[in-house]
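What follows is a single structure, written as structure tokens, with notes after it.
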Amino acid sequence: MANPLVIDTDTHVFEPLEHFDRYLPELYKHRSPRVFRDQWGIIRVLMEGRLYPDPSITVYEAHEKLRGQDNGGCTHDHNAHAGNVHGQADHHQHGNDGETGLIEGVAMAMGRPGVTDPKARVADLAQEGIDIQIVFGSLCFAACTLHDLDFALAFCRGCNDYVAEFCSSAPDKFKAVSVVPLQDVPAAIAEMRRTVKDLGVVGVSIPPSLPGKNLDHPDFYPFYAEAQALNLAVGIHWGNGTYLPGAGTERFQKHFYNHVVGHPFEQMLALTSIVCGGILERFPELRFGFLESGCGWVTYWMWRLDEEYRCRSLEVPRMKDKPSEYLKRGNCFFGCSPDESLIPSVVSTAGAGSIVFSSDYPHTDGSFPNTVRTIRDRLDLSDDVKNKILGDNAARFFGLG
Ligand SMILES: [Zn+2]
């Protein structure tokens, strides 16, 4: 029997910031993101008068510690999607000449030329045994915090055009996900339609919340209605350092804490809003993916939500069933890391149909070139479950054949 498709549900490219103006209309070319180094040598992006990643999240101690040291082969996390942008800036501005290229204080060690080179990326897919990558951008996660609505739409269009262009180089292997300015719902709907119709995207990315609004806010109903009508996957993805709300991060100043706390706690809050705020009740065909936070938290959070519902269901009238039941209906998907010990637990609670494989390529969070093998070699998952996680579930989530 042929191996089933392997679909990697959370991967990234870096927008070409040093010439992003190419992707902006004439009116906004002069507002294209500016890239430079700060006083610690860390590359920052200036846009709308703000720096990305947010410089109040400090990393300079690590930067100073690493400066001058041989960081070859470092596999530390750098993450922070805004930070990832720096990698590309470094690559282009310095010719990838062997300079360490520090991102958020940690050795860049990006390693994979597939960050910007589609051909190299295809080779990496072959080495991993991945058939399809779902491709997100990086700085694009800043879209929903931009203040100028017209610029936010232009920025989204530029990001989406770039990602689609990248994916068009190998359209059977790369499937694009778009970003939309959700702070401006009519514009978000228009851009979502455009990216489906003109660019062939397989999903739309939204943040776990917007400043002042959770995902169950009625303002977003028309957006969900349209996504459901388009049969489009909705991926929920946070971006550290992008000025999006970050649960608990107001208590910390260092990237380590912001990153380790922000991603999973924001996903828990997003899931709470979508389930308990009645979004899955109102839009029963809509499919959501909760990404870049592992999946182990799901078991605990299902129990926690059910427990609360048992005592206080009258306070959440938009939800007609207990929370865990919504998660078993087959339209919520959780990105796992291949080495997560709690995958079997999530299989037994949310179901084997709810977990999707994600490598986070090309981020050093991942374990290239062993991400697929890590799943395949596990002794605590059946072959059937592995096939679901590696491809079947993602095919259902993104509507791929
Ligand atoms: Zn990601």
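Any read-out appearing in this document is the output of simple, stated calculations on the displayed coordinates, not a laboratory observation. Given the structure is predicted, the values throughout are model-derived calculations rather than measurements. Backbone-built Cβ (ideal geometry, glycine too); neighbour counts: all protein chains shown.
So here's what we get for this one:
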quantity: ³J(HN,Hα) computed for each position of the range 6-12 - Karplus, 6.51 cos²θ - 1.76 cosθ + 1.60, integer Hz, glycine/proline x; calculated: 10, 10, 9, 8, 9, 9, 9
quantity: Normalised contact order of the chain, rounded percent, pairs of Cα under 8 Å and 6 or more residues apart; calculated: 19
quantity: Cα gyration tensor, the chain - rounded (a/c under 1.5), prolate or oblate; calculated: rounded
quantity: Rounded to the nearest 20 debye, dipole of the chain from Cβ charges on Lys, Arg, Asp, Glu; calculated: 580
quantity: Net charge over other residues, Cβ less than 11 angstrom from the Cβ of residue 378 (K, R count +1; D, E count -1); calculated: -2
quantity: Net charge contributed by nearby residues that have their C-beta within less than 11 Å of residue 391 (K/R +1, D/E -1); calculated: 0
quantity: Rounded FRET efficiency, nearest 0.05, which uses the C-beta distance separating residue 254 from residue 46 and R0 of 22 Å; calculated: 0.50
quantity: Stretch gain in nm, segment residue 225-residue 169, where the contour uses 0.36 nm per residue and the Cα spacing is subtracted; calculated: 17.0 nm
quantity: Charge sum, other residues only, whose C-beta stays under 13 Å from residue 162's C-beta, Lys/Arg counted +1 and Asp/Glu -1; calculated: -3
quantity: Gaussian network model of the chain, Cα within-10 Å springs - most flexible of 292, 281, 307; calculated: 307
quantity: 5 angstrom amide H check on residue 328, placed H, neighbours 5+ away; calculated: none
